[in-house]
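The values are calculated or read from the model by the stated rules, or taken from the named source; none is laboratory data. Given the structure is predicted, the values throughout are model-derived calculations rather than measurements. In this analysis, Cβ positions are derived from the backbone assuming ideal geometry, glycine residues included, and neighbour counts consider all displayed protein chains.
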Amino acid sequence: MKRFMIHYDSKARAFGFASFIFMMAVLSFSSCIDMEDTNKSMVLSGEWRGDFGMFYDYRDNNGRVYTFDSYDTYLTFIPAYSYANYGRGTQVDYYDYGPYEYQYYKFRWSVENGYIYLTYDYDPQLNTRISNYRMTNDYFSGTFSESGTLFRMRKLVDYYNWTPYVNSYGYWDRNNWGYYYPYFAPATRSEVEQPEDSTSNVGEVVGRGRRSTSLKQ
């Protein structure tokens with residue numbers, strides 16, 4: 001009986017040691033991922049500029065739908081606290097044509113397990129996951145998981161040397177845009193209007209999203 005107890009205790013100790021090693025390996029791997037996410041979040045925090053592939057669809061009071069592509073976007077990432085891997089952000093998209101000179105959004109962001117997640121406060125259709133990203137102190141590139149489209153942004157200011165930009169959620173109207181459009185506007189993804197057609201500045205935005213075509217790098 002004594003010999004059996006010694007044999008059992010040895011097996012128990014061996015199993016316990018193996019479990020301990022496994023748990024330490026899991027914790028070590030998790031810590032490495034967390035540290036990498038934290039390091040990436042520190043670089044991400046700040047303000048970036050570039051083509052983020054944004055567009056919106058606008059329907060005038062005659063029922064015609066126009067698609068306007070943004071030519072420039074400013075993104076800001078503000079961590080929840082120093083070295084946090086999540087926080088709040090703002091996005092401002094600028095347009096050459098259409099009823100709005102810019103559109104402004106607020107979002108939540110996080111860096112988790114090698115992905116960047118953007119979750120928008122009022123426009124869930126814009127929510128996205130960014131994969132295959134690379135960041136330096138100067139540039140930020142990545143791929144939108146939904147479309148596979150590649151983007152590249154240039155860093156303007158690092159978070160730790162930056163005063164947050166304050167604005168309210170909304171859009172800035174462009175006066176009398178319908179009088180000039182589409183005479184001086186490029187063709188969009190919507191049906192191309194004839195030169196004699198005109199649009200009204202009374203209408204509504206019926207859709208927003210990101211282009212699946214190549215973006216400026």
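Observations on the model:
- The number of residues in segment 32-54 that are in contact (Cβ under 8 Å) with a residue 24 or more places away in the chain and farther than 19 Å from Gly89 by Cα comes to 3.
- Any hit, segment 11-25, residues being surrounded by 10 or more Cβ atoms within 10 Å (Cβ to Cβ), in contact with a Gly (Cβ under 8 Å, 6 or more places away or on another chain) and at pLDDT below 90: no
- Verdict on Tyr102 being surrounded by 22 or more Cβ atoms within 10 Å (Cβ to Cβ) and either assigned to a strand (DSSP E or B) or among the acidic types (Asp, Glu) (or both): no
- Taken as a whole, the structure leaves Gly53 outside the set of residues that are surrounded by fewer than 16 Cβ atoms within 10 Å (Cβ to Cβ), closer than 18 Å to Val205 by Cβ and out of contact with any helix residue (DSSP H, G or I) (no Cβ under 8 Å at 6 or more places or on another chain).
- Selection count where residues are in a strand (DSSP E or B) and modelled with pLDDT under 95, scope segment 118-130: 0
- Screening Tyr183, Tyr115 for residues that are at pLDDT below 85, farther than 18 Å from Asp72 by Cβ and either within 18 Å of the chain's Cα centre (by Cα) or among the aromatic types (Phe, Trp, Tyr) (or both) leaves exactly one candidate, Tyr183.
- Taken together, the criteria exclude Tyr71 from residues that are over 16 Å from Arg49 (Cβ atoms) and over 12 Å from the mean Cα position of the chain (by Cα).
- Some residue of segment 152-169 being modelled with pLDDT of 50 or more, of a type in the set (Gly, Ala, Ser) and under 21 Å from the mean Cα position of the chain (by Cα): no
- Only residues that are of a type outside the set (Asp, Glu) and under 27 Å from Phe151 (Cα atoms) were counted in segment 58-72, giving 7.
- A search for C-beta distances below 8 Å between a residue of segment 73-84 that is free of Cβ contacts under 8 Å to residues at least 12 places away in the same chain and any residue that is not aromatic (Phe, Trp, Tyr), counting only pairs 6+ apart in sequence or on different chains, returns Ala80/Gly87; Ala80/Arg88.
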